[in-house]
Every structure is written in C-alpha cells, then in structure tokens.
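A short reminder: the numbers here are calculations on the coordinates, not readings from a lab. All values derive from a computational prediction rather than experimental measurement. For neighbour counting, all protein chains shown are included, and Cβ atoms are generated from backbone atoms with ideal geometry for every residue, glycine included.
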Amino acid sequence: MTAVLVLLAGGAAAGVFGSLLGLGGGVLIVPLLSLAIGLPLREAIAISLVAVIVTSSASAAVYLQRHVANLKLGMTLELFSASGALVGGLVAFLIDERVLAALFAVLLVWVALSMARRRDAAPGVTADTQPAGAIPAVAPTEGDHRAGQAPRLVPALAGAPVPATFAAAISGPGYLVRRVPAGMAGSVVAGLNSALLGVGGGIVKVPVMHLVMGVPLRTSTATSNLMMGITAVASAVIYLVRDQINPFVAGPIALGVFAGASLGSRLAHRVDVRVLRWLFVAVLLYTAVEMTLKALGR
Amino acid sequence: MNVRAAARSGPDTAWAMEAAIGRLLVAGTWIAMTLIAVGVVLTLASGVDPLAPGAVAPFDPGSIRSALVALRSEGFLWAGIVLVLALPIGRVVVAGVGFLAAGDWRLAFISAAVLLVVLASVGAAIRLEG
C-alpha cells in the first residue's frame, strides 16, 4: 500500500514541478524510478513515456481548442520524430543500460544549463505560454473565439485552397515556416532522444521550431506538446510489447503526473518560480552526478 | 461532428474540427485517468505491492476484458494505459480524415505515414520479441 502512495506522490511531485518549471515529466520521473525506487532504467523510461503521453494529450487538447498549436506543422514534423522514436526504441534494447544512464546524465546537465540560462519570468505567466510538461488550466469553449476574441491563428483545416509551396502550406498567420528539412532532421533527433531517454523531446523540438524554422515561441511550445504524444507512442509500443511496462507502477505514476501537472498549471499564476528554478538546477546537477555514477557501475 | 462536412464547409467549421479533436483528447484522457484511478484503488484494496518482484501483470490484450469483468486491478490499469496509448493515434486518424476530406492530399498522406510508422513499431517489436 505504501509503495502505491509513494508512486502516486512521486508522480504528482514530478507533475507539479515539471509544470511549474517547464520541464517534461520524464526528466524527473526517470531518475525518480531508477535512482530513488530502483527500477531498471529501461522500465523507468517505458513508464515515463506513458506519463509523457498523458501530459501531451491533456495539454494538446487545450492548445487545439485554443487554436494555438499548428496542427499541419506538427503532423509534418511528427512523421520524422515518430520515425526517430521507432529507431530509438529499437536501439534502446541493443545498448547497455549504463550507456543509457550516461546519455541521461548528459541530458540532465543540458536541461540544468538551459534552466539556468532561462530569463526569469514573473508570476502570472499565462496558460498560453506554458511550456512543455504543463497542462493549460482552462479549456475555453468554442464560443470564446466567436464572442469577440479575434482568433490568433488560422485553423489547420480551413477550407481555403492549399498554398503552392509546402512550407507555405504548413505556415501560420504572421510567419512563414523556413528550413523545413532542418526541422525534419531536428525532429528525428527529438524522437531518438524521446525513445532512448523517456522524455518528451521538447528540449530539442522547441528550439528547432522557434530558432531554426522561425515559428513563434508560443506556437512552437504548443506544437511540440502536440507532437510528443504520437512520438512517445511510436517507442512506447516497443517497450509495451517487450514487457517493460509494469501497470502497477505505470498506473499510479501516470495518475499522479496528470493530477500534479493540472495542479501545477493552476499554481503557475501564483508562484514565483525563480528560487524554485535555481533549486532545481542544483537537484538536476546532483541527479546527473548520480546517473553518471550509475553509468560507471558504482 | 461529421468530419467531412466540417472540413468542406469553411474556416468556421474547421475551427470546430480542431476543437473537436481537442474534445476527443480531453474526453479520452479523463476516461483513461478514471480507469487507472479505479485500478489504483483496487491495487490498494488488494494489497499488491507494485515494487515487489512478483508483482507483474504482463500485457495480454486478450485478458483485459476478463480482468475488467472480474474487477481485477490489472484489467483497469491496462485498459487505461492502452487508452492512453490509443489517444494520439486517434488524433492522427481524425486529423488525417479531415485533411482527406479537405482535399489536402499531402497532409492526408503524411497522416497515413505517421500511422504506418506506429504500425511498424509494433511489428518490429513483435518480430524482435518472437
């Protein structure tokens, strides 16, 4: 009984802090399950992928209802991220767990550095700007747009003729997607990253879309959230068929993450996360050291 | 909502289609979380220790229904997890049908290709497992 509650609480904590700090749940769940609870790393990664899909579906739902995500761009790139995830899911069973641990340690350091370099945001960040791992708090009704709020983005399936170039076809209002092949390549890397390490891959996708492809940050974040689900599914089914998902662990973790991420998105308006962020930079670096030790077999 | 009609009848209904996909994900997520919550409660009630070496319930699609009927925790947990995995696939299917209905063959083809990649994952995993 205690173990179930520990898993629920651990998942909820990962959901809350991931949501507040803009981390995908996987960066927190994988170390929790492998280092703190002692599960084999592959099982931890598999269970983390289930949690990533839950948060992706919940957040993508809200972003789609708000027409913030670019569905056409997301579907184009997720073909490549899912392909990367397929390869990553297969490779994950060919390499030693210590290599996976070393890769995860590198990821943790990268995330910690990214968090340290991030500009401080004051409390009151709107749900539309919430990053990966956050489930936007309130889903508006369809009528919200018709009741006076001008839509911010053209819907993906508008009845207008398909634009002549593919880049134009997957662009949105106010921006033209550029360097599509680079975006596709980045998506493959994101998919590999997701499948090998049990994370959403937003840390790759968002910068690629925003900095390389010229997509606005908010749209990049929302579209990345949309893509995470099917990308994670492409590798999660491999872990599932290979009996790496224990439902007695995955269930409480997924439920906890869902509840925690929902709570975190509501707290984000009231909490000043600046101190929390620096605390987590320290925690991530400490976890990176632990993962490195695991990789070294100590 | 009729996806084909929505896609053909203009931007207003296209907005509605994105909203409809959103509603599908919301409803599916809540149903999945409810199934998992019931499974977690049953796990607590049955005293199963999820971290004990013997606490395993291998994935067997054929046994989920009987486990649900018998109110066994693993039935609800697996049903919830399978639904979680199915939701993004459902989203791609709905969007693909929408693109097809809108005459956007490129995106319809891409949607089908995404589904093929997922199918290939399942196939590759089964082949490796066998």
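Report the Rg/Rh value for segment A:230-298, based on alpha-carbon coordinates and the Kirkwood definition of Rh. The partial results should precede the final answer.
Numbers: Rg = 16.7 Å, Rh = 15.4 Å.
Result: Rg/Rh = 1.08.
So what's the net charge close to B:Thr29: Lys and Arg +1, Asp and Glu -1, counting the other residues with Cβ under 13 Å from its Cβ? Before the final figure, lay out the partial values.
Working: positive: B:Arg23, B:Arg91; negative: none.
Surrounding charge for B:Thr29 is +2.
How big is segment B:3-129 on each of its three principal axes, counting only the C-alpha atoms and giving the largest first in Å?
Cα extents, longest axis first: 55, 34, 23 Å.
Based on alpha-carbon positions alone, could you give the equivalent ellipsoid semi-axes of segment A:5-61 from the gyration tensor, as √(5λ), descending, whole Å? Present the calculation step by step, with values, prior to reporting the outcome.
Working: eigenvalues 68, 31, 18 Å².
Each semi-axis is √(5λ); the values are 18, 12, 9 Å.
Provide the three semi-axes, in whole Å and in decreasing order, of the ellipsoid equivalent to segment A:172-211 as defined by the square roots of 5 times the Cα gyration tensor eigenvalues. Intermediate results must be reported in sequence, preceding the final value.
Working: eigenvalues 96, 21, 8 Å².
Equivalent ellipsoid of segment A:172-211: 22, 10, 6 Å, largest first.
Using amide H atoms built 1.01 Å from N in the peptide plane, name the residues 5+ places from A:Gly172, or on other chains, whose amide H lies under 5 Å from its own.
Here the answer is A:Val177, since their amide H atoms fall under 5 Å of that of A:Gly172.
Which distance in nm do the two modelled labels at A:Leu113 and A:Arg98 give, with both placed 7 Å along the Cα-to-Cβ direction?
Between A:Leu113 and A:Arg98, the label points sit 2.5 nm apart.
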